[in-house]
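Structure first, then comments.
The values are calculated or read from the model by the stated rules, or taken from the named source; none is laboratory data. Here the structure is a predicted model, which is why all the values come from computation and not from measurement. Just the protein is used for accessible areas: all its heavy atoms, side chains included, with ligands, DNA and RNA removed. Shrake-Rupley method; radii C 1.70, N 1.55, O 1.52, S 1.80 Å.
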Amino acid sequence: MPKKNYYQQRDDDMKILIATAKTRNNLTNDGLAKRIGMPVNTFNKKTCHPGLFRCSQLWLLEELAGQNPK
């Protein structure tokens with residue numbers, strides 16, 4: 001299996017972060033989108049291309065996933 005490049009690995013990391021945030025808070029895509037203040041359609045598009053998330057949205061996802069405690 002060929003080694004993943006940097007961007008492929010970051011995409012995988014983001015997908016794991018999103019899944020963790022959803023599981024930890026018992027949320028669906030709709031619920032998670034609302035929690036980070038994003039329209040559901042936009043959230044669904046960005047989950048296909050995680051590099052499109054803004055830093056502020058990533059920080060909220062990290063917080064929800066328990067990776068960035070206050």
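Can you tell me which residues in the range 52-64 are open to solvent by less than 70 Å² (accessible area, probe 1.4 Å) and within 16 Å of residue 12 (Cα to Cα)? Write out each step before concluding.
First, pick out the residues of the range 52-64 that are open to solvent by less than 70 Å² (accessible area, probe 1.4 Å): 53, 56-58, 60-62, 64.
The answer is 53, 58, 61, 62.
Could you list all residues from the range 26-39 that are open to solvent by less than 100 Å² (accessible area, probe 1.4 Å) and either assigned to a loop (DSSP other than H, G, I, E, B) or of a type in the set (Lys, Arg) (or both)?
Going residue by residue through the range 26-39, those that are open to solvent by less than 100 Å² (accessible area, probe 1.4 Å) are 27-33, 36-39.
Of everything in the range 26-39, those that are open to solvent by less than 100 Å² (accessible area, probe 1.4 Å) and either assigned to a loop (DSSP other than H, G, I, E, B) or of a type in the set (Lys, Arg) (or both) turn out to be 27, 28, 36, 37, 38, 39.
Got at least one residue in the range 40-50 being open to solvent by 90 Å² or more (accessible area, probe 1.4 Å) and more than 12 Å from the chain's Cα centre (by Cα)?
Filtering the range 40-50 down to residues open to solvent by 90 Å² or more (accessible area, probe 1.4 Å) leaves 41, 45, 49.
Adding the requirement that they be more than 12 Å from the chain's Cα centre (by Cα) leaves 41.
Yes; the residues of the range 40-50 include at least one that is open to solvent by 90 Å² or more (accessible area, probe 1.4 Å) and more than 12 Å from the chain's Cα centre (by Cα).
Considering every residue within the range 6-25, establish whether at least one is open to solvent by 60 Å² or more (accessible area, probe 1.4 Å) and either at positive phi or part of a loop (DSSP other than H, G, I, E, B) (or both).
No; the residues of the range 6-25 include none that is open to solvent by 60 Å² or more (accessible area, probe 1.4 Å) and either at positive phi or part of a loop (DSSP other than H, G, I, E, B) (or both).
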